[in-house]
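Notes follow once the structure below has been shown.
The values are calculated or read from the model by the stated rules, or taken from the named source; none is laboratory data. Just so it is clear, the structure is predicted and the values come from calculations on it, not from any experiment. We place every Cβ from the backbone using ideal geometry, glycine too, and count neighbours over all the protein chains shown.
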Amino acid sequence: MKQKTNFNGSKPWVLVLGFCLLLGLVGCAQSPVSKTISAIESSNFEPKGPVAEWRAINRLTYGPTPSLLAELKSNAQPKEWALNQLDAARKASLEAPKLPSDLASINDSLPLIFDGARSEREARAAVPAGTRLNELVANERRFNFQEPSEALFYNRTQVNKAIAWRLASCSSDDVEQPLLARMTEFWFNHFNVYQLKGSVRPFAGHYAIHVARAHALGKFEDLVLASAKHPAMLYYLDQWLSVSPQPGRAGQSSRGLNENYARELMELHTLGVHGGYTQDDVRELARVLTGWTVSPRSEDGFQFVMRLHESGNKTIMGQSIPSSAQFTGVKEGEQAIRFLANHPSTAQRISLRLAEYFVADLPPQALVDQMAKTFLATGGDIYQVMKVMLSHAAFWDPENKLYRTPYDFACASLRVLNVPQDRTKWLQAFGYSFVAGQGIQNWQTPDGYAFNASTWFTPEALTRRIDFALTIARNAPERSDLYPYLSDATTKAVMKQPPQQRMGFVLGSSELVFK
Amino acid sequence: MSMKAESMLSNRRQAIFQTLSMGAFALPAISAFADAPTSSGRMVLVFLRGAYDGLSMLVPHGDERYSQIRPNIGIPKPDGSSKTALALDATFGLHPACAPLLPLWQQGVLAAIPCAGSPDASRSHFDAQYHWETGKPGSSSPSSGWLNVLSGMVGNGHGHHALGVGESSPRILSGPRPVQLVGNGLSATRAGTLAESKTREAVLQLYAGNEKMANAMMEGASNRMSTAASLKAPSMASSNELQAANNGAGSPQGLSLDAKHLGTLMQQNRELRLGFLSSGGWDTHINQGNVTGLLANNLNNLANSLIQLRAAFNEPNDVVIVASEFGRTCAENGTRGTDHGHGNVMWLLGNRVQGGKWHGRWEGLAQNQLNEGRDLPVHHDFRGVFAQALVASLGLTKGSIANVFPGFQWDASLDGIFKA
């Protein structure tokens, strides 16, 4: 009431307030008025101190390594540090990943990967009847890839290497820029493929590198297009089998349109289920995409086959897509995807998903709207959308809590214990995440893993998380640099433990179970 | 177990349930089911992931085409020996590795439905499993599992009514209602680090400032201790169990240990009305074998698991159902295996089951009778089979089936698979 009286008695403030509202309050934070009313809206909000530092490092990276924490602390400007991370992540995304040498084959050229898969098929066909393949041996070799893999286990080895790369990326700042590691997980999950679906297996790592990582902070439409043309996605959602049902197509008697990919492209990848499309639009989009299929011989693994493409005009959500001339049919699909990727429903959906991942299970609508506005204004520039989010007070508001998913917690444990190269620990982290229900890149359906607390924070799950924390951290050296970030109650309980048990309790504390 | 011990156990369990119902996860039963279930049976689903080859388990030896299209992997016609199919009637026989099931067939408690499945044509394991588990063929939209939905319709709305053993969070049990999930193999018997009161106490102090976490931790620890205690009863220790466990989880061998755990837990907690088990290793594209071999071993393990389940679920209305996401091709492929097909054989086991016979349509293996000329057709929607069990075994009304399987219509051609 006192503030209100002040406003009324002081006309310039009213003018400033009105001006700020008009501009969406951007740039008004310096005025005393907006300081009192716009803690949520302001982009010049300057978070400081241990709470903000802890938040930044646990949300933008998988957790505090000693060197990164020291860097953040000496910077003393968490928001500036966060924006620097964003710049560094974008820069890194444009460069090749630093794969540990024994994992390099996940980044082989696509023709080589297709060859590997074919060799496995041939090797398996040559196995004498009744032979029981010793799958156990391959299991035991998990995360130890020094020897060249046998043709019989090529696909499985590729999957395991892809998982190992995720563990290397999330745990080591030398292997991967830490925010880019998180963004890669986010986009892989958003454009989810199931790495254990037969034909997808050898491509999962390549997909993570060349789709999720390469376009992580670029234009959203480029990300969708890259995913649409990658063999992993073409196989996963059966697009490669979807052909024109028109009569008179040679050799296609038992095949026809498959709507699987077209539907998920609208429902999950872009617009969202209430994004304004109908079943007719799904069918039209499927018709547009006929002829999009894999190519084992081409560098990008993709080809458009005009012979399999359905001719005729199509209309998607009121957008007319005229019939194409020979060899340009692929442009129909590209045009449709660019349209969907830049649709206002998509801007909302992508902004919401990013805010759910980085800010809160139920992020403030004002934040999502501001991100979506930027999305549309910049042609879907993910970097710019992220910048809005990191500059927004909602990102820094301690009321916006997040519970770590099992994958997140597994990676956090490797960072808190500072064991980026310890593959035995990787195996423990991987095993925990898997048993807890979030195997790395292991979700079967195209919706990807949920990352909210209502999915992951259950009583039994918490006890298994504590089991894991106490086990993986046993005898780990203490990290006194973390103590200033823990609550008094946590510190007291940790210090009661003998030194060789303390890191387990640090890891199991609410400061690390949540973020 | 003496009466006294039994009642003590039940008191202890009641106490645990009271704790549970105070938690944030308890939901009231769906109020639409005013028509209270009248039958107190229990239903267990054994789901064979990867699409098992039903035509090796239920062998159509009466069809001349069977041996023609399966020259290497077919099971020979019954000759009375254990090297051939075990005759059930003039049409079908059992795989000899399933010999333990023959007495159940003869007693009239085991029945088969040869051509059941999902109306959706997908040959993708993951799509088809998703459809089976959500009860919504053709839809890949995010959805609760239908056993989770069903768990809100049986019992009084407090505590757990569904139990899954083996998988960490199977889709079929996922959703807003609390269900009991128990780890696979020997992990179920481990109470974890929090079983030690000293550790529990220390973690409680760690969460001193956070009541929600402290409560969740205590509740989880108490659940796990009670599960582990139930499973560590002396009768559980046997060399069989260890052998099964050593062979690893997710395998058909692991199934028999999980089945044993499920039986024990559901015997001890009668609030649990729904059980779920699964096993992998059925996707036999190459070298599946015939009378012996890979598939025969799997089938033998399955048969032994079913014998265990029969012992635990032998009350008048109990039923055990075996199913897979789809079937395999009728003909063998070029690598002495079978590829993804469509319809498949479902099995029902229980005292209410009109057993000793097979049910529903069977038109043989002539090419023009097959789906796309290659697979068993789906004459009976899987939801129709489950709907029959929901009514006969669990006592649901026909009208309430649509809450489990939205939009599904009752399949009257299956009336009679359960005794009235």
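Scanning region A:440-454 for residues that are within 9 Å of another protein chain (Cβ to nearest Cβ) and either of a type outside the set (D, E, K, R) or assigned to a helix (DSSP H, G or I) (or both), which turns out surrounded by the fewest Cβ atoms within 10 Å (Cβ to Cβ)? Can you show your working first?
Applying the first criterion (within 9 Å of another protein chain (Cβ to nearest Cβ)) to region A:440-454 yields A:444-447, A:450, A:454.
Imposing the further condition that a residue be either of a type outside the set (D, E, K, R) or assigned to a helix (DSSP H, G or I) (or both) reduces the set to A:444-446, A:450, A:454.
Details: A:GLN444: 18, A:THR445: 20, A:PRO446: 27, A:ALA450: 17, A:SER454: 12.
Step by step, filter region A:440-454, then rank; the result is A:SER454.
Report yes if some residue within region B:170-178 is more than 9 Å from chain A (Cβ to nearest Cβ), modelled with pLDDT under 90 and touching a strand residue (DSSP E or B) at 6+ places or on another chain (Cβ under 6 Å); otherwise report no.
Yes.
Can you name the residue in region A:277-299 that is of a type in the set (A, V, I, L, M, F, W, C) and modelled with pLDDT of 95 or more and is also nearest to A:TYR235 (Cα to Cα) among such residues?
Quick first cut of region A:277-299, residues of a type in the set (A, V, I, L, M, F, W, C) only: A:282, A:285-286, A:288-289, A:292, A:294.
Now restrict to residues that are modelled with pLDDT of 95 or more: A:285, A:288-289, A:292, A:294.
On the way: A:LEU285: 18, A:VAL288: 18, A:LEU289: 14, A:TRP292: 11, A:VAL294: 8 Å.
Here the answer is A:VAL294.
I'm checking my understanding of the structure. Among residues of region B:60-76 that are surrounded by 15 or more Cβ atoms within 10 Å (Cβ to Cβ) and of a type in the set (D, E, K, R), which one is nearest to A:ALA129 (Cα to Cα)?
Applying the filter and picking the extreme gives B:ARG70.
Of the residues that make up region B:100-114, is at least one within 13 Å of another protein chain (Cβ to nearest Cβ) and surrounded by 19 or more Cβ atoms within 10 Å (Cβ to Cβ)? Steps first, answer last, please.
Looking only at region B:100-114, we keep the residues that are within 13 Å of another protein chain (Cβ to nearest Cβ), and these are none.
Within region B:100-114 (the criterion being within 13 Å of another protein chain (Cβ to nearest Cβ) and surrounded by 19 or more Cβ atoms within 10 Å (Cβ to Cβ)), the answer is no, since none of the residues qualifies.
On the given criteria, is A:ARG464 basic (Lys, Arg), within 10 Å of chain B (Cβ to nearest Cβ) and buried (at least 18 other Cβ atoms within 10 Å of the Cβ)?
Details: basic (Lys, Arg): yes; within 10 Å of chain B (Cβ to nearest Cβ): yes; buried (at least 18 other Cβ atoms within 10 Å of the Cβ): yes.
Yes; evaluated as a whole, the condition is true for this residue.
Considering each of B:TRP347, B:TRP362 in turn, give the residue that is part of a loop (DSSP other than H, G, I, E, B), in contact (Cβ under 8 Å) with a residue 24 or more places away in the chain and within 22 Å of B:ILE417 (Cα to Cα). Give the steps one after another, and end with the answer.
Working: B:TRP347 fails: part of a loop (DSSP other than H, G, I, E, B).
Exactly one of B:TRP347, B:TRP362 is part of a loop (DSSP other than H, G, I, E, B), in contact (Cβ under 8 Å) with a residue 24 or more places away in the chain and within 22 Å of B:ILE417 (Cα to Cα), namely B:TRP362.
All but one of (1) touching a strand residue (DSSP E or B) at 6+ places or on another chain (Cβ under 6 Å); (2) not in a helix (DSSP H, G or I) hold for A:VAL175, so report the exception by its number.
Condition not satisfied by A:VAL175: (1).
For A:LEU470, indicate whether it is more than 18 Å from the chain's Cα centre (by Cα), facing another protein chain (nearest Cβ under 7 Å) and of a type outside the set (Ser, Thr, Tyr).
Details: more than 18 Å from the chain's Cα centre (by Cα): yes; facing another protein chain (nearest Cβ under 7 Å): yes; of a type outside the set (Ser, Thr, Tyr): yes.
Yes.
Note down all Cβ pairs under 6 Å where the first residue falls in region B:155-179 and is at positive phi, the second is assigned to a helix (DSSP H, G or I), and they're at least six residues apart or on different chains.
What qualifies is B:GLY159/B:PHE17; B:GLY159/B:LEU20; B:GLY166/B:ASP258; B:GLY175/B:ASN148.
Tell me yes or no: at least one residue of region A:495-511 is more than 12 Å from chain B (Cβ to nearest Cβ) and of a type in the set (Ser, Thr, Tyr).
Kept after step one, since they are more than 12 Å from chain B (Cβ to nearest Cβ), are these residues of region A:495-511: A:499-500, A:503.
Now drop any that are not of a type in the set (Ser, Thr, Tyr), which leaves none.
No; the residues of region A:495-511 include none that is more than 12 Å from chain B (Cβ to nearest Cβ) and of a type in the set (Ser, Thr, Tyr).
Among (1) under 30 Å from A:ALA232 (Cβ atoms); (2) touching a Pro at 6+ places or on another chain (Cβ under 7 Å); (3) more than 10 Å from chain B (Cβ to nearest Cβ), there is one condition A:GLU478 misses while meeting the rest; what is its number?
(1)
Take B:ASP63 and tell me if it is free of Cβ contacts under 8 Å to residues at least 60 places away in the same chain, under 28 Å from B:GLY384 (Cβ atoms) and of a type in the set (D, E, K, R). Spell out how you get there, then give the answer.
Working: free of Cβ contacts under 8 Å to residues at least 60 places away in the same chain: no; under 28 Å from B:GLY384 (Cβ atoms): yes; of a type in the set (D, E, K, R): yes.
So B:ASP63 does not fit the description; no.
Among the candidates A:LYS496, A:LYS492, A:LYS515, which residue alone is within 17 Å of A:ASN58 (Cβ to Cβ) and among the charged types (D, E, K, R)?
Numbers: A:LYS496 fails: within 17 Å of A:ASN58 (Cβ to Cβ); A:LYS492 fails: within 17 Å of A:ASN58 (Cβ to Cβ).
Criteria check complete, one pass: A:LYS515.
To keep it simple, each residue is scored yes or no on (1) in the same structural domain as B:ARG352 (by TED's automatic domain parsing); (2) at pLDDT below 90; (3) over 30 Å from B:SER197 (Cα atoms).
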| site | (1), (2), (3) |
| --- | --- |
| B:ALA216 | no, no, no |
| B:GLY263 | yes, no, no |
| B:HIS285 | yes, yes, yes |
| B:PHE313 | yes, no, yes |
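So that you can scan it fast, the table gives a plain yes or no per residue for (1) among the aliphatic types (A, V, I, L, M); (2) crowded, with 22+ Cβ neighbours inside 10 Å:
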| position | (1), (2) |
| --- | --- |
| B:SER141 | no, no |
| B:TRP146 | no, yes |
| B:HIS161 | no, yes |
| B:GLY164 | no, yes |
| B:GLY175 | no, no |
| B:VAL179 | yes, yes |
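Which of the residues belonging to region B:308-339 are touching a residue at least 60 places away in the same chain (Cβ under 8 Å), within 14 Å of another protein chain (Cβ to nearest Cβ) and farther than 16 Å from B:SER124 by Cα?
Of everything in region B:308-339, those that are touching a residue at least 60 places away in the same chain (Cβ under 8 Å), within 14 Å of another protein chain (Cβ to nearest Cβ) and farther than 16 Å from B:SER124 by Cα turn out to be B:GLU332, B:ARG336, B:GLY337.
Need at least 1 residues that are crowded, with 24+ Cβ neighbours inside 10 Å and charged (D, E, K, R) per element, so show me which helices (runs of 4 or more DSSP H) inside region A:370-433 make the cut, counting only ones lying wholly within it. Walk me through how you get there before you give the answer.
Numbers: elements: A:382-391, A:393-396, A:406-416.
Here the list reads A:406-416.
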